[in-house]
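These notes concern the structure reproduced below.
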Amino acid sequence: MEGLAMLRQLIGQLQELLQFYHSHPPPPPPPPAHHQLPLTLASAHQRWCFKDIDDNSADDFYGLVIAAGRSGNCRMTEACVLPPVKKPRKERNRGKLSGSAAATEAMDEEMWKDFPEDLFEAVIARLPIATFFRFRAVCQKWNSLLNSETFALYRAQIPQTTPWFYTITHDMVSSGAIYDPSSNKWYHPSISSQPVRLLVLPVASAGGLVCLLDFSHKNFFVCNPLTRSFKELPARSVEVWSRVAVGMTLNGSSASGGYKILCLGCDGEYEVYDSIENSWTHPRSMPSTIKLPLTLKHRSQAVSIDNFVYFMRSDPEGIMSYNMVTGIWNEFIVPSPRHLTDHTLADFGGRLMLVGLLTKNAATCVCIWELQKMTLLWKEVDRMPNIWCLEFYGKHVRMNCLGNKGLLMLSLRSRQMNRLVTYDVTSKEWLKVPVLPRGRKRQWITSGTAFYPCPTAVA
């Protein structure tokens, strides 16, 4: 508005100046050099066009003044020429893209038509997962790469560094939500083969596959959230238990070699499912050295490292392990840190970690520990920044760990807040995750698990 007032004042001065010269014409100018035609004020007056100014026509008026200043006929306007208006970023990027596209040469079909097929699959296999699925829509040939054995071999050779997270919200039925931390985006897949209105929870994962368990703890399912590959496991051979802990491992380096699922009940009964045999087996009884019944930490997901599956238990506090190959159980007495709640196991490069809420008086903080193999004690290695922990002060906060494979996702909730954060054990970096939107509501997540995305894994 201040600029508009200055422009109005300028117009008034110009109008007075023109009226003055119209009533008192100046003496004739000297003859122009180089035989140029003289430009009189009368002709200059004809080149100006003034209009009534209001607030809505400010942009048009700026254009008029700048155009007049560029004409060079009235040098008074040069002092009030406005600086160039900064274009929006989209327009600037559009200009850069158009310029670069024009400069890019067309691909030579003769050169690219003989590109080796195996090298082509090797290149596509190294694309980011989200980019690969966009490329599938190009043609049928690219879409069929998921069924290519050589493509699956190339994918298996690429190290998996950053897991994704498959989660279930409190009101989602027959679908979940996938979070990609590399792009900080949520995806909403749907598993077409899943029975309608079946309530399931993700409880374990291995090789890009996610193990699901229904609320009745009767039925198990395995799926690939990326490709909608879905499989219902056969019924278990023993009586269904009310609460179970579940672990999952691979037979080899990828899901193509098969996988095993361990289901453990509080009374010590357990079963193992083998995808190669497509059946459940009841190997043997729990060793007598392990105290029964098991007080399992059901809020803590099992951790799978190589062929071992680790569970947390209390009374006594410790960790149980099961070897999927040899069928041997072990138990380690490991006391938990004091004032700890909602704690769960995690894995980082084959090392056992612990994450939980440390609460004392009205202060609450998220802490990370690492298990020392020599002493079998937990050593604190990091904790959430204090400025974040201040938000929890005086609130009854509950924590749920949604992924425990090197990159942790934590759901922190109370009546006044709903937060999602990730913690990178390697870089010790805490990041806030956008809360999952759905319509106008902000959803809270009930359960989830981390998985390494693999488009070629088949349930």
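Worth a mention:
- Accessible area per residue for the range 164-451 is 46 Å², calculated with a 1.4 Å probe on protein heavy atoms, without ligands, DNA or RNA.
- Note on Met111: accessible area approximately 120 square angstrom, rounded to 10, probe 1.4 Å, nucleic acids and ligands left out.
- Using the Cβ-Cβ distance between Trp112 and Ser182 with R0 = 41 Å, the FRET efficiency computed as 1/(1 + (r/R0)^6) comes to roughly 0.90.
- Heavy atoms of Tyr154: accessible area, 1.4 Å probe, square angstrom to 10: 60 Å²
- Mean Cα-pair separation over length for the range 117-157, i.e. relative contact order, pairs under 8 Å, 6 or more apart, %: 47 percent
- Per residue value of the accessible surface for the range 117-157 (all protein chains in place, 1.4 Å probe), Å²: 64 Å²
- Trypsin sites (Lys or Arg not before Pro) within the range 206-305, DSSP loop, no more than 14 other Cβ atoms inside 10 Å: Lys218, Arg228, Arg243, Arg284, Lys291
- Positive dipole terminus of the range 164-451, leading residue within Thr364, Asn224, Ser447 (C-beta point charges): Thr364
- Computed from the alpha carbon atoms alone, the convex hull of the range 117-157 holds 61 Å³ per residue.
- Electrostatic dipole magnitude of the range 164-451 [Cβ: Lys, Arg +1; Asp, Glu -1; Cα centre; debye, to 20]: 1040 debye
- Size of electric dipole in the range 222-349: Cβ of Lys, Arg +1 and of Asp, Glu -1, about Cα centre, debye, nearest 20: 200 debye
- Projecting the Cα atoms of Pro128, Leu153, Gln140 onto the charge dipole of the range 117-157, computed from C-beta unit charges around the Cα centre, puts Pro128 farthest toward the positive end.
- Rounded to the nearest 10 Å², the accessible area of Ser253 at probe 1.4 Å: 120 Å²
- Share of carbon and sulfur in the accessible area of the range 164-451 stands at 51%, probe radius 1.4 Å.
- In terms of distances greater than 22 angstrom between alpha carbons, the cross-link table entries Lys218/Lys260; Lys260/Lys379; Lys360/Lys428; Lys373/Lys432; Lys291/Lys379 yield Lys260/Lys379; Lys360/Lys428; Lys373/Lys432; Lys291/Lys379.
- Distance-filtered residues of the range 321-363 - backbone nitrogen under 20 Å, label point 7 angstrom along Asp274 Cα→Cβ: 322-329
- Contact order normalised by residue count of the range 164-451, Cα under 8 Å, 6+ apart, percent: 14 percent
- Of the residues Asp382, Asp315, Asp180, the one with the largest accessible area comes first in the ranking Asp315, Asp382, Asp180, computed with a 1.4 Å probe on protein heavy atoms.
The values are calculated or read from the model by the stated rules, or taken from the named source; none is laboratory data. Model, not experiment: these values are computed from the prediction. Note: ideal-geometry Cβ built from the backbone for every residue, glycine included; neighbour counts use all protein chains shown. All accessible areas refer to the heavy atoms of the entire protein, side chains included, with ligands and DNA or RNA removed. Shrake-Rupley method; radii C 1.70, N 1.55, O 1.52, S 1.80 Å.
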